[in-house]
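Here is the structure we will look at, set down as C-alpha cells.
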C-alpha cells in the first residue's frame, strides 16, 4: 500500500522512488498524545460542592488539545483513505513467499487432537525446515510425511495453508462498516431536528446557580459542541421567561 502522492511531501532524500508515510505518521502522533490528555479530563470528572476549585480550569487546555488532535487526525485519515493506493497482487505475493509457513498454525491446530500437541509441533517444525531448505511449498512436504498419511490430503493441507482462509470475519465486518456511511448520524440529526425546542435557553451550572455567562444560542442543540469552557452543563428554559440580552462571550 502507498499513501497518496503529493509533490514535496514524504519524498526521500536518499531514495527518490520512496514515499514516506507522512499522513499515517501524523495520525499516529495524535493517537499517542490524546490518551495522556484524556487522563487529565478524567481527573476533572470529580464533582465538588459549590464552586470547584481548579477542576474546570484544568480541563480547558487539554480539552482543546484533544479536540484539535482528534479532529485533525480524522481529517488526515479521510485524506489518507481517499487516496490510498492498494496493490493486492503484491500483498498476495508477500503472503505466499514462505510457501504457506506464515499460517502453519492452522495445521498445528488440526493435527494436535490427532497426534498430540507435542508431536504435532515437532512434525510441523521438521516440515517447515525441510520446506525452507528445498524451497518447496509446505503443503507438498506435509503430504509426503508418513505421519500425515490418512489424516490430511494434499488438498486439505493446501486449504489450511491458504492465507485467504485466515481472515476470520474481517470481510463481513468491513462490508458492514462500509454499507451505509453516515446513516446513523443522519438519522440522529433528523430525530433531534424534529424535537421541539424552547425559544430561549439558559444554562445552569450544577450546584452553582444561574449565570448569564453560560447562555447558549437557541436551536443549536446536542449535535454541536457547546461554546465556552463549560463542563457537563444542563440546558433548561430561562427562569424569567425572557430572552437574555446579547453580551460578550465569557473569557477567563
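Quick notes on this one:
Results for (1) under 20 Å from residue 166 (Cβ atoms); (2) surrounded by 12 or more Cβ atoms within 10 Å (Cβ to Cβ); (3) within 27 Å of the chain's Cα centre (by Cα), shown as yes or no for each residue.
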{"site": "89", "(1), (2), (3)": "yes, no, yes"}
{"site": "96", "(1), (2), (3)": "yes, yes, no"}
{"site": "104", "(1), (2), (3)": "yes, yes, no"}
{"site": "107", "(1), (2), (3)": "yes, yes, no"}
{"site": "112", "(1), (2), (3)": "yes, yes, no"}
{"site": "117", "(1), (2), (3)": "no, yes, no"}
{"site": "131", "(1), (2), (3)": "yes, yes, no"}
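- Residue 197 being at pLDDT below 55, surrounded by 12 or more Cβ atoms within 10 Å (Cβ to Cβ), within 29 Å of the chain's Cα centre (by Cα) and assigned to a loop (DSSP other than H, G, I, E, B): no
- Each residue in segment 29-54 was checked for being without any contact (Cβ under 8 Å) to a residue 24 or more places away in the chain and in a helix (DSSP H, G or I), and 8 pass.
- Answer from 79, 50 - the residue that is modelled with pLDDT under 95 and more than 21 Å from residue 6 (Cβ to Cβ): 50
- Test: residue in segment 66-74 that is closer than 30 Å to residue 19 by Cβ and modelled with pLDDT under 90: no
Condition check ((1) in a loop (DSSP other than H, G, I, E, B); (2) surrounded by 10 or more Cβ atoms within 10 Å (Cβ to Cβ); (3) modelled with pLDDT of 80 or more) across all residues:
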| residue | (1), (2), (3) |
| --- | --- |
| 156 | no, yes, yes |
| 168 | yes, no, yes |
| 173 | no, yes, yes |
| 178 | no, no, no |
| 185 | no, yes, no |
| 189 | no, yes, no |
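The values are calculated or read from the model by the stated rules, or taken from the named source; none is laboratory data. Given the structure is predicted, the values throughout are model-derived calculations rather than measurements. For neighbour counting, all protein chains shown are included, and Cβ atoms are generated from backbone atoms with ideal geometry for every residue, glycine included.
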